[in-house]
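Everything on this sheet refers to the single structure shown next.
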Amino acid sequence: GALAQSSLTLFGVVDAAVTYTKGSGNGSAHKTQLTNSGNMFSRLGFRGTEDLGGGYSANFWLEMGLQNDSGTGFPSNSNNQASGNGTAGVLSFNRRSTVSLAGPFGELRLGRDYVPAFWNTAIFDPFGTGGGIGANQIYFSGLGGLVAPTGTRASNSIGYLLPASLGGFYGQVMYAMGENDSNSVLPGTRVSNEHDGDHTGARFGYQSGGLNIALATGRTRYASGDLRVTNLGASYTFDASLMNLKLTSELYKESKGSTDAKGALIGLQLPIGPGEIKASYARYRLEPVGATLKPTSSKLAIGYVHNLSKRTALYATIARISNSNGASQALSGAITAPNRASSGTEFGMRHMF
Amino acid sequence: GALAQSSLTLFGVVDAAVTYTKGSGNGSAHKTQLTNSGNMFSRLGFRGTEDLGGGYSANFWLEMGLQNDSGTGFPSNSNNQASGNGTAGVLSFNRRSTVSLAGPFGELRLGRDYVPAFWNTAIFDPFGTGGGIGANQIYFSGLGGLVAPTGTRASNSIGYLLPASLGGFYGQVMYAMGENDSNSVLPGTRVSNEHDGDHTGARFGYQSGGLNIALATGRTRYASGDLRVTNLGASYTFDASLMNLKLTSELYKESKGSTDAKGALIGLQLPIGPGEIKASYARYRLEPVGATLKPTSSKLAIGYVHNLSKRTALYATIARISNSNGASQALSGAITAPNRASSGTEFGMRHMF
Amino acid sequence: GALAQSSLTLFGVVDAAVTYTKGSGNGSAHKTQLTNSGNMFSRLGFRGTEDLGGGYSANFWLEMGLQNDSGTGFPSNSNNQASGNGTAGVLSFNRRSTVSLAGPFGELRLGRDYVPAFWNTAIFDPFGTGGGIGANQIYFSGLGGLVAPTGTRASNSIGYLLPASLGGFYGQVMYAMGENDSNSVLPGTRVSNEHDGDHTGARFGYQSGGLNIALATGRTRYASGDLRVTNLGASYTFDASLMNLKLTSELYKESKGSTDAKGALIGLQLPIGPGEIKASYARYRLEPVGATLKPTSSKLAIGYVHNLSKRTALYATIARISNSNGASQALSGAITAPNRASSGTEFGMRHMF
C-alpha cells in the first residue's frame, strides 16, 4: 500500500444548541437550556500516527469530551466500576486514550476505548448517542448504555481490530480489566469481587455496496450480577434513483443481574441538497424478573441538518418520548410523570476542526 | 472585505511574579509568594475560524485559565449559581468556551463567555483584572466581580455582537441561563428559584480617534436578591505631542439584594521607549441599606512594564490599599486589620505564545 | 552561537503495558493490570521558545502527566504540603509549569519544576522513576521520592540553571515557597508553620567523555520535621570495544524528622542492535531513631527494550523485591507480607510524539 506519513493532529467538535424540553402529569417540569453535542459529541483531541515501514504504524489517540456550554468536561472511570467514577465536570481523556501498533495483521490497541457493543448503538441510529434530544433512547434509558461504567467505554483494555481489507468483513474484540486485588471481597461478605469490572466484548460485521450489518456482544463481570449486552445493527443506503435514502435498524438485548431489557430502533437519513432529513423510532422495555409490569418507553425523533460546509452545520430536532407500564423516561432537562409523555425541540450549531 | 483563511490556533500566556504583600494592625499577616498573571492572565487556548464564504465564518474558542505557579487551573461554574462551582484548582475551559457564526450581521455566540459589564472593568483599568497586585480593586472587592458566579463570565449564554464596521459604534447583548428545573424552589420554602442564575447584559460603546467610551449593564436573577451591575468606562489617548499618554476612567455601581456599592477608577498609561508606565487609583464603597458605616477601600497602584519583545515583558508593580469605615481589604496573600492599610510589591515576567 | 528560532511544540508520550505482580505470605495479593509509563512517563505537553536576540530567549513549558490506561491524569500540589494535594486523577500541569528567561548567564525559571535532587534518582537508574515495575525502588519506598509533596517537584519555585557551555560542568539551584501566612501555626499549638513547604535545593555535576557525575541535596521545611535528601549519582559509558556498555550508580541518604534512611543502586545498560538490555539492583533501608529493626528492601530488575523507531519501542521487564526486618514493600498492584518477596513481569509499548 501507499506509505502513510507520520502526523500529529489536533482535532475537535464544538456543538451547542438551545433546547426546550417538557414533561407532563403530576410533578412534571420543563426547562430551556443551552446544551452541548446535539449533532455530534463535543470534544478536543490529540492523535498521531508514525509510519514504521512495512505497513506497520504506531498510533496514539487522546480525546476529551467537552461540555462547551459551561467550559467543563467529563470525568473518566478508572476501573470499570462505580468506585472508579471521577468528579463530575472535570476534564479527562474520557472518550479515548490509547496507544496502538497497527499493521497487516490488524491493530493491537491498549488503553481506554469504546466497548465493541457500543458501536451498533452509535452507528445505526441517525441521531447517534450524543447529547441531543434525538439521541438513541435505548442508550439513555438502558441498564448499560450511558448508565453503566462500561456501557460506552472501558478502561484498562486490550483490543484487537481486524485489518481493513478483508473483502468487506470487519471486526474487533476487547478484554478490559477491573483491576481489583485478588483478595478483594464485596463489603461485609466473603464473596470475591476480584473480577468486578472485567469486560469481554466482540463485534463482527460486513459492509458491501449499500449494505452494512454488524453483530456485537459484551459482558462485564460484577459479583452483584453481570451486565450483558447483545445487539444487531444493519443499514442499507439506496442509490440515486431512490435519492440516496439510508434506512437503519438496531435490535438490542441486555441484562443486569436478574433484570432483562429489550430494545429496537428503526431510522432513516435522506439527503436534501446541502442538508439531510433524519428520523428514528425506538422502543425500550425493561423486564424485571417476576414483575408483572414491564416499563416501556418509545421515542420518535425527526431532525434536519443544514450543512454550511463539510465542517459546520445548523440543525433542528423535535422528539417525543411516550411511556407505559409505569415508565417515566423524559428528555434531558424535563421531568415527566409515570405513563406520561415528554417532548422537546432543539436548534443548534455544530463546528468540527 | 478580504477573504479570511480557515485557521486553527494554539495560544496562551504564562506569567509569573515574585510578590510580597503585607497588612498592618492586629492579626495582620504578610507573605512572599510566586504568583501568576501579574501582567496578563495566564491561559492556554485553542481557537479556530472557518471561512464559509460571503463574509460568513464559523468560529470556536476554548480557553483555560492557568495557575502556572503550581501547574493547576481554575474550575468553571456550570449554572451561574454557587451550586455550580467546580473543584478548586482543576483545569477547565473556564475563560471561554464558545462556538459562533459570524457574518455581515455581526456574531451569534453560544457557550460560556464574558458578561458584557465585565469589559469596562477590564479594559479601562491599566492593570486589568488579572492576578497582579495592581489589578482592579473594584473587581476584587465587589459584590459582583471576582466574587459572584456571573461577575466575570456566564455559562449557557447566547450572545450577539454588533459587526465591527459601524463607524466606531460597537456593542453586544447576552442572555444566559441558570437552567434550574421549572418547579425548583428555595430549600425549605415554596419560593420559586426557577430563574436563579439567569443573566441579561448589554454593552454599547463608541471608539474614534483617541477616544473610547462604553456603557454596560447586567442583571443576574436570584430569588434571594438579584445582582445588578452598571458601569461606564472611558479612555483618551493623546497624540505624540503628549507622548501618547492614555488616560482611563471607570464609574461603577452595583447592588446585590439590599446592599448597594459604588466604585470609581482613574488610570494612566505612558509609553517610555520599549516600556510603559502605568498607574491607577480606585475607590470602592459598600453601602448596606440602613447601616451607618459604609466600608470604603481605595487602592493606588504604580507599575512599569519593560517589553523584551511583542510577546515577552518584565514588569514591576507597587500597590497600596487604604481602608476606612471598618473595611479590611488587603492585597492577595496579606491580611490586614479593619481601617488599616495593605501594601505590596511584585516583580514578574510575562510570555505570550 | 547560532540564532535559535522561535517555536511552539506539542509533545508527549503514551506508554501502556500489561503487568502482572504478586506478593507472598499471609494476606498477599496478586493482580493483572493495564498500567501506564512502564518505559517512559506518559505525558502531554506544550512548550515554546522565543528568540529575543543577543543569545537571550523567553521560554515556557506546560506538561501534564497521563494515566493513559484510563484517560485520567495526575493532580498537582499547590503549596508543597499535604494540604495542597489536588483530587486524584484530575488533569493538571503537574509535571512542569514554568516560564523562563535564558541567556548567556544561564536560565532563570519560575513556576512548578523538578527539585534538583530528583534528577540523580531519575537519570542514574536505567529504569528511571516511571510507573514500570523496574522503576527506582528508593524513589517509590522512600521518605521523599514519590511520597513527599516535594519529593519530585516543587510549586512556587524560583530556579537558576548554569549555562550549558562550562566545559562539562553543570548545575542548578532552586528555592520554592510553601506560601503559608506569616501568622500560621500548627493546628492546636502556637508553633509557627509559616515556612512549611519552603524548599531549597541544589545540584552540581560534571560530564565529559563517557563520565557523568552529579551531587545533589534538598531540604523542605516542616514544623513537624524537615525532609532532607542528599544523593550522588555517577555513570560511565564505555566505548565500542566494550559494546558501549553503560554502568550507573546512585548513593542516597534522606531523613524526615527523626527517621533516617539510606539507599544505593547500581545499574547497567547494554545496546544490542536496535534494542537495549537494562538491569538494576537497589537497596533501601529505613532507620527509625532508637528502633531496633531497620526495615530493608532490595529490588532486582532486568529488562529489554526493542526500538521500532526513535519514537516507538516494545519492552519487557521482570522485577523482584525482597524484604527483611519487617519491611513489606511490593511491586505496584501486589500486596506482600512482611519479610516476604514480591515479583512481577510487564510487556509494554511506548510511543513518543
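The values are calculated or read from the model by the stated rules, or taken from the named source; none is laboratory data. From a predicted model like this one, the values you see are computed outputs, not experimental measurements. Backbone-built Cβ (ideal geometry, glycine too); neighbour counts: all protein chains shown. To get the accessible areas, we keep the full protein, side chains included, count just its heavy atoms, and leave off ligands, DNA and RNA. Shrake-Rupley method; radii C 1.70, N 1.55, O 1.52, S 1.80 Å.
Considering only DSSP beta bridges whose two residues both sit in the protein assembly as shown, what percent are antiparallel, to the nearest 5?
The antiparallel proportion sits near 100 percent.
Set the Förster radius R0 to 30 Å, insert the Cβ-Cβ distance between B:Leu166 and B:Ala316 as r into 1/(1 + (r/R0)^6), and round the FRET efficiency to 0.05. Don't skip to the answer; put the middle values down first.
Details: r = 39 Å, r/R0 = 1.32.
The formula returns an efficiency of 0.15 here.
Pop out the carbon and sulfur fraction of the accessible area of the stretch B:220-352 as a percent, whole number, probe 1.4 Å. Each step should come with its number before you reach the end.
Values: 3800 of 6310 Å².
The computed percentage sits at 60.
Based on the mean of other beta carbon atoms within 10 Å per residue, what is the order of A:71-79, B:332-340, most packed first?
Listed from highest to lowest mean packing, they are A:71-79, B:332-340.
Go ahead and estimate [θ] at 222 nm for chain A from helices alone: -39,500 (n - 2.57) per DSSP H run with n ≥ 4, summed, over the residue count, rounded to 500.
Mean residue ellipticity, 222 nm, calculated: -500 deg cm²/dmol.
How big is the dipole moment of the protein assembly as shown about its Cα centre under a simple scheme where the beta carbon of each Lys and Arg is +1, that of each Asp and Glu is -1, and everything else is neutral? Debye, nearest 20, please.
For this selection, approximately 900 debye.
Using a 1.4 Å probe on the heavy atoms of the protein chains only, list every residue of the stretch C:58-75 that has 20 Å² or more less accessible area in the complete assembly than in its chain alone.
Those residues are C:Ala58, C:Phe60, C:Leu62, C:Leu66, C:Asn68, C:Asp69, C:Ser70, C:Gly71, C:Thr72.
Using the Kirkwood radius built from alpha carbon pairs, what does the Stokes-Einstein equation give as D for the stretch C:1-92 at 37 °C and 0.692 mPa s, in µm² per second? Walk me through the numbers before you get to the answer.
Details: Rh = 16.4 Å.
Result for D is 200 µm²/s.
Once the Cβ-Cβ distance between B:Val185 and B:Val289 is put in as r, and R0 is 25 Å, what FRET efficiency do you end up with, to the nearest 0.05?
0.45
What area, in nm² and to one decimal, does the C-alpha convex hull of the stretch B:7-352 cast on average over all directions?
Across all orientations, the stretch B:7-352 yields a mean hull projection of 19.1 nm².
If eta is 0.890 mPa s and T is 25 °C, what Stokes-Einstein diffusion coefficient results for the stretch C:102-207, Kirkwood Rh from Cα pairs, in µm²/s?
158
B:Tyr281 label points, 7 Å along Cα→Cβ, one per copy: pairwise distances from this copy to the rest in nm, shortest first?
7.6, 7.6
For the stretch C:91-118 and the stretch A:49-80, what is the separation of their C-alpha centers, rounded to whole Å?
Taking the Cα centre of the stretch A:49-80 as reference, the centre of the stretch C:91-118 is 27 Å away.
What accessible area, summed over both chains, is buried at the C-B interface (1.4 Å probe, Å², nearest 100)?
2700
Let me confirm one metric for peptide C:346-353, namely the mean number of other chain beta-carbon atoms within 10 Å of its residues' beta-carbons. Kindly include the intermediate steps, with their values, before the conclusion.
Details: counts 0, 0, 2, 8, 2, 9, 4, 12.
Other-chain Cβ atoms within 10 Å of each residue's Cβ, averaged: 5.
Among C:Ile335, C:Gln207, C:Ser235, which residue has its Cα furthest toward the positive end of the charge dipole of chain C, with +1 on Lys/Arg Cβ and -1 on Asp/Glu Cβ?
Among C:Ile335, C:Gln207, C:Ser235, the one farthest towards the positive end of the dipole of chain C is C:Ile335.
Taking the highest mean first, how do the peptides A:201-212, A:7-18 order by number of other beta carbon atoms within 10 angstrom per residue?
Final packing ranking: A:7-18, A:201-212.
Could you pull the copy-to-copy label distances for A:Pro163, with points set 7 Å along Cα to Cβ, in nm to one decimal and sorted shortest first?
Computed spacing set for this position: 5.6, 5.6 nm.
Could you work out the mean count of beta carbons from other protein chains within 10 Å of each residue's beta carbon in C:160-168?
If you average over the peptide's residues, the count of other-chain Cβ atoms is 0.
Output the peptides C:27-39, A:99-111 sorted from most to least packed, where packing is the average of other Cβ atoms within 10 Å over each peptide's residues.
Numbers: C:27-39: 22.8, A:99-111: 20.1.
Put in order of decreasing packing, that is C:27-39, A:99-111.
Treating only the Cβ atoms of Lys and Arg (+1) and Asp and Glu (-1) as charged, compute the dipole magnitude of chain B about its Cα centre; round to the nearest 20 debye.
Dipole size: approximately 820 debye.
For labels at B:Leu211 and B:Met243 in the simple 7 Å Cα→Cβ model, what's the distance in nm?
With each label placed 7 Å out from Cα toward Cβ, I get 2.5 nm.
Work out the length of the dipole vector of the stretch C:86-156 about its Cα centre, built from +1 on the beta-carbon of each Lys and Arg and -1 on the beta-carbon of each Asp and Glu, and round it to the nearest 20 debye.
For the stretch C:86-156, the charge dipole is close to 160 debye.
Using the Cα centre of the protein assembly as shown as origin and beta-carbon charges of +1 (Lys, Arg) and -1 (Asp, Glu), tell me which of A:Phe60, C:Ser7, C:Asn120 is placed farthest towards the positive end of the dipole.
Result: C:Asn120.
Please compute the per residue accessible area over the protein assembly as shown with all protein chains in place, 1.4 Å probe, rounded to a whole number of Å².
For the protein assembly as shown, the per-residue accessible area is 40 Å².
Calculate how large, on average over all directions, the projected area of the Cα convex hull of the protein assembly as shown is; give the answer in nm² to one decimal.
With the hull built on Cα positions only, its mean projection is 46.5 nm².
What aspartates and glutamates could a cross-link reach from B:Lys310, if we take a straight Cα to Cα line under 12 Å and drop same-chain neighbours fewer than 8 places away?
Within reach: C:Glu50, C:Asp51.
Note the distances from C:Ile266 to each other copy's matching label point, with points 7 Å along the Cα-to-beta-carbon direction, in nm, sorted shortest first.
From this label point to the equivalent ones elsewhere in the assembly: 7.7, 7.8 nm.
Return the lysines within reach of A:Lys278: Cα separation strictly under 16 angstrom, same-chain partners fewer than 8 residues apart disregarded; answer none if there are no such residues.
Partners found: A:Lys246, A:Lys299.
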